[in-house]
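Novice: Just dropping this structure here.
The values are calculated or read from the model by the stated rules, or taken from the named source; none is laboratory data. The model shown is predicted, which means the values in this text are computed figures rather than measured ones. Positions of Cβ are backbone-derived with ideal geometry, glycine not excepted, and every protein chain shown enters the neighbour counts.
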Amino acid sequence: MRKLSAVLTLLLTLLGISAISTSPASASVSSWGIFDNTNGWYHACATPQGNGTGNGTVITTWDCTGSDLQQWGWDRNHLVHKVSGKCLTPSGNGSDVNGAVLTLWTCDYSYGSPQEFVSSQYNTYTVFGGKCITNKGGSLTNGTWLTLWSCAADNPQEQQWSGYWI
């Protein structure tokens, strides 16, 4: 029986199939932290609506608590949510569309993915489209949806999203 088990394990390994799985996020993200918008002493963190983790869950602003549900990490220009292992994704894959709501979705690492973002000194924006992460209506009220909008030259507060990685 042990021989059979060893042979099956070897066969699965050779075929690239593993009996042990790891979440996509834990396998490739080296550090986690909050992704937030700071206005003086107040921090609003990017948080899945209703603490959801499924595809299509809308990302909202919420008071920072330090919870794992508010933890994000970078993996090849993708912002990965710690608990779900899913990536920050514009609805309808609209990385160049003003008003596209940001959601969680299974990570797509293919070239040209709408899930690719770049972080600068003042804001975070899409690689393909150059749209900035913006809290809808400029509000930092708990539950406000995160969207994409044309980056403003004066770096308004609602577009000042960046991360603090541990």
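Novice: Mind counting the residues in the range 91-107 that are within 21 Å of Gly33 (Cα to Cα) and surrounded by 14 or more Cβ atoms within 10 Å (Cβ to Cβ)?
Specialist: Residues in the range 91-107 being within 21 Å of Gly33 (Cα to Cα) and surrounded by 14 or more Cβ atoms within 10 Å (Cβ to Cβ): 5 in total.
Novice: Among the residues of the range 49-62, what is the count of those that are in a strand (DSSP E or B) and within 14 Å of Leu102 (Cα to Cα)?
Specialist: Selection size over the range 49-62: 4.
Novice: Among the residues of the range 78-105, how many are farther than 21 Å from Val118 by Cβ and modelled with pLDDT under 95?
Specialist: Selection size over the range 78-105: 0.
Yes or no, residue by residue, for (1) touching a Ser or Thr at 6+ places or on another chain (Cβ under 9 Å); (2) modelled with pLDDT under 95:
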position	(1), (2)
Leu10	no, yes
Thr13	no, yes
Ala27	no, yes
Ser30	no, yes
Gly33	no, yes
Asp36	yes, yes
Trp62	yes, no
Arg76	yes, yes
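Novice: Now a separate question. Quick one: how many residues across the range 60-76 are among the β-branched types (Val, Ile, Thr) and under 11 Å from Gly143 (Cβ atoms)?
Specialist: Number satisfying all stated conditions: 2.
Novice: Follow-up. Within the range 63-156, which strands (runs of 3 or more DSSP E) (wholly inside it) include 1 or more residues that are touching a residue at least 12 places away in the same chain (Cβ under 8 Å) and of a type outside the set (Ser, Thr, Tyr)?
Specialist: By residue number, 71-75, 78-81, 87-90, 102-105, 117-119, 131-135, 146-150.
Novice: While we're on this one: Just name the residue that is surrounded by the most Cβ atoms within 10 Å (Cβ to Cβ) out of those in the range 77-90 that are over 11 Å from Thr126 (Cα atoms) and in contact with an Asp or Glu (Cβ under 8 Å, 6 or more places away or on another chain).
Specialist: Restricting to residues being over 11 Å from Thr126 (Cα atoms) and in contact with an Asp or Glu (Cβ under 8 Å, 6 or more places away or on another chain), the top hit is Cys87.
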